[in-house]
Amino acid sequence: MTRHLGEELGGLVDGSLDHAARDHALIHVARCAECRAEVEAQRALRARLLDLRAASPALPTGLAERLLAVPVAGPVAGPEVAPCASPAGAAVLPAPAPPPPRGPAGAPRP
């Protein structure tokens, strides 16, 4: 039974395998139609992605650095933090949560 290359296929396509692993993978691909088809598909995809990258407009200078510098927001605490918009477009704040019940003379109930 032949063991297919699996994750090694990606390394073969992107050139990240060392010499011995590359030779092993090439021998396997020469004998295995399934892995050969997968290598051809990955090479076609890689070529297409490189073409898209070349055709894409360049990012403005410093955009990536500015985006990486944006602080990461924590989770939203709850609906009382985020106002929502009414159908008319005016901001509507959610109703505040009711106060906890109190016992006689303002003492909190157990």
Segment 1-72, relative contact order [Cα under 8 Å, separation at least 6], %: 27 percent
Leaving ligands, DNA and RNA out of it, report the carbon-plus-sulfur percent of the accessible area of segment 34-76 at a 1.4 Å probe. 64 percent
Here FRET efficiency (C-beta to C-beta, Ala47 to Val72, R₀ 35 Å, nearest 0.05) is 0.50
Rounded if a/c under 1.5, otherwise prolate or oblate - segment 1-56, Cα gyration tensor axes: prolate
The FRET efficiency for Ala58 and Ala97, from their Cβ-Cβ distance with R0 = 41 Å and rounded to 0.05, is 0.25
Where GluC sites (Glu not before Pro) fall in DSSP loop in segment 7-41, at most 15 other Cβ within 10 Å: Glu7
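The values are calculated or read from the model by the stated rules, or taken from the named source; none is laboratory data. Since we're looking at a predicted model, the values are computed, not measured. Glycine also receives a Cβ, built like all others from the backbone with ideal geometry; neighbour counts cover every protein chain displayed. Note: areas computed on protein heavy atoms with side chains; ligands, DNA, RNA excluded. Shrake-Rupley method; radii C 1.70, N 1.55, O 1.52, S 1.80 Å.
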